[in-house]
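S.K.: Below is a structure I'd like to ask you about.
The values are calculated or read from the model by the stated rules, or taken from the named source; none is laboratory data. None of the values given here were measured: they were computed from a predicted structure. Positions of Cβ are backbone-derived with ideal geometry, glycine not excepted, and every protein chain shown enters the neighbour counts.
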Amino acid sequence: MEVSDSSPNGDSLLCHEADLNAPAPLLFRQLRVAPDTGILFHVAGDTRFTPADPKRQQQVNVDAALNVIRGFRRHVGRVVHVSTAYVAGDRTGLIREDDLDCGQGFHNSYERSKYEAEKALTALCRELSVPLVIVRPAIIINDRRTGRASTFTHLNALVEVISRLQDYYGIPDGQVVSRKIRLLADPRARPNLAAVDSIIPPLLEIAQAPDSPGRTFHLCHPRPQSNAEIVDLICDAFQVKGKLELEFVNRVEKPVSRTEEMIVRSLKVYAPYLNSRSEFDLANARAAVPDYDSHFSTLDVPFIRKVIEFQRAHRK
């Protein structure tokens, strides 16, 4: 399938449907791309933390990416590979943009596959003399204008916890089940949440900057808010602020209420990110995009309300 559309600057955007796991020559024939010097953005990937088949995820995130480069190597001016800031794995402290292999461990197969993809793509592009730009977004969350999200992430999980409790107990906004609930999270930790519309303009600037090839750029929020601030905003958006006493703990001791059990289960896979003690260096990003910080805003109650409304409208 091929679809043509026009972008605001008059360029043509071609959309294709193809099997990225196909051999490179077959993949390229499927896409029917004419020789040019454009920019190839590689954003495809399996983002699940706990896939049913980790080997399949490895194939999608590593092997398929290599196939794409091989197929397009003579038809693009540069490749922009969208990775993740969490190739840093379990490292803490300052994570520099040029860091990759630092002996880190990984929280899940997704992190490991993106780390291996970066290594493999860097080696292949060097071998084929293909200019490569690597960008590493943080946790991409909902659009600020609409509350829309194409994938379910950390902020959605926090919002969904309260929504599920409402459904389970049959209560509306403004009411609570328990006066006191323990939350397995570090209140001072600052998960790096970046609204999808805030990272697109810097991404496009970086992609087109003359000196970007051969460099890596973090696309992270420069002023991430703490868990305590985020949870407070969510409670305010659900109109339960002041009615609910949340205690942040590093372990939920027994006895555990049904409410606490549901929260622990819902947030389990997100715990490493909610409790992250990493700080992402932005030197390269700020050098390429002088007004980088201005693209990011803090979370607020109106935005959380948009997220809630979007999730309610799209729940199965």
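S.K.: Could you run through segment 267-298 and say how many residues are modelled with pLDDT of 95 or more and either over 25 Å from R96 (Cα atoms) or in a helix (DSSP H, G or I) (or both)?
M.R.: Number satisfying all stated conditions: 10.
S.K.: Looking at segment 287-307, I want the residues that are touching a residue at least 24 places away in the same chain (Cβ under 8 Å) and have a partner that is part of a helix (DSSP H, G or I) and among the polar types (S, T, N, Q) with Cβ atoms under 6 Å, at least 6 apart or on another chain. Which pairs are those?
M.R.: Close Cβ pairs (under 6 Å, with a partner that is part of a helix (DSSP H, G or I) and among the polar types (S, T, N, Q)) amount to H295/S198; F296/S198.
S.K.: Basic (K, R) and either assigned to a helix (DSSP H, G or I) or at pLDDT 95 or above (or both): which single residue out of R148, R112 fits that description?
M.R.: R112
S.K.: Could you say whether any residue in segment 232-249 is in contact (Cβ under 8 Å) with a residue 12 or more places away in the chain, surrounded by fewer than 21 Cβ atoms within 10 Å (Cβ to Cβ), of a type in the set (V, I, T) and assigned to a loop (DSSP other than H, G, I, E, B)?
M.R.: Scanning segment 232-249 turns up at least one residue that is in contact (Cβ under 8 Å) with a residue 12 or more places away in the chain, surrounded by fewer than 21 Cβ atoms within 10 Å (Cβ to Cβ), of a type in the set (V, I, T) and assigned to a loop (DSSP other than H, G, I, E, B).
S.K.: Quick one: would you say L203 is in contact with a Leu (Cβ under 7 Å, 6 or more places away or on another chain) and outside any loop (DSSP other than H, G, I, E, B)?
M.R.: Spelling it out, L203 is indeed in contact with a Leu (Cβ under 7 Å, 6 or more places away or on another chain) and outside any loop (DSSP other than H, G, I, E, B).
S.K.: Can you tell me which residues in segment 161-178 are more than 14 Å from E261 (Cα to Cα) and part of a helix (DSSP H, G or I)?
M.R.: S163, Q166, D167, Y169, listed by residue number.
S.K.: For A52, indicate whether it is free of Cβ contacts under 8 Å to residues at least 60 places away in the same chain, among the small types (G, A, S), surrounded by fewer than 20 Cβ atoms within 10 Å (Cβ to Cβ) and touching a helix residue (DSSP H, G or I) at 6+ places or on another chain (Cβ under 7 Å).
M.R.: no
S.K.: What number of residues within segment 299-309 satisfy the criterion of being outside any helix (DSSP H, G or I) and surrounded by 16 or more Cβ atoms within 10 Å (Cβ to Cβ)?
M.R.: So the answer is 1.
Residues are listed down the side, and each one gets a yes or a no for (1) part of a loop (DSSP other than H, G, I, E, B); (2) of a type in the set (D, E, K, R); (3) closer than 17 Å to P213 by Cα; (4) within 19 Å of the chain's Cα centre (by Cα):
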| position | (1), (2), (3), (4) |
| --- | --- |
| Q58 | no, no, no, yes |
| H107 | yes, no, no, yes |
| R126 | no, yes, yes, no |
| D143 | yes, yes, no, yes |
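S.K.: Follow-up question, since we're still on this one. Only one of these conditions is not met by A283: (1) surrounded by fewer than 16 Cβ atoms within 10 Å (Cβ to Cβ); (2) within 18 Å of the chain's Cα centre (by Cα). Which number is it?
M.R.: For A283, the failing item is (2).
S.K.: Could you check, for segment 215-228, whether at least one of its residues is within 23 Å of the chain's Cα centre (by Cα) and without any contact (Cβ under 8 Å) to a residue 12 or more places away in the chain?
M.R.: Scanning segment 215-228, I find no residue that is within 23 Å of the chain's Cα centre (by Cα) and without any contact (Cβ under 8 Å) to a residue 12 or more places away in the chain, so the answer is no.
S.K.: Still on this model: Would you confirm, using the coordinates I've provided, whether R73 is at pLDDT below 85 and under 20 Å from K119 (Cα atoms)?
M.R.: When the stated conditions are applied, R73 passes them.
S.K.: Among (1) at pLDDT 85 or above; (2) closer than 19 Å to C235 by Cα, where does E260 come up short?
M.R.: (1)
S.K.: Check D167, D197 and return the single one that is of a type in the set (D, E), at pLDDT 95 or above and either in the same structural domain as E247 (by TED's automatic domain parsing) or closer than 25 Å to R144 by Cα (or both).
M.R.: D197
S.K.: Return the residue satisfying two criteria in turn: it lies in segment 205-225 and is out of contact with any strand residue (DSSP E or B) (no Cβ under 9 Å at 6 or more places or on another chain) and surrounded by fewer than 15 Cβ atoms within 10 Å (Cβ to Cβ), and of such residues it is nearest to G174 (Cα to Cα).
M.R.: R223
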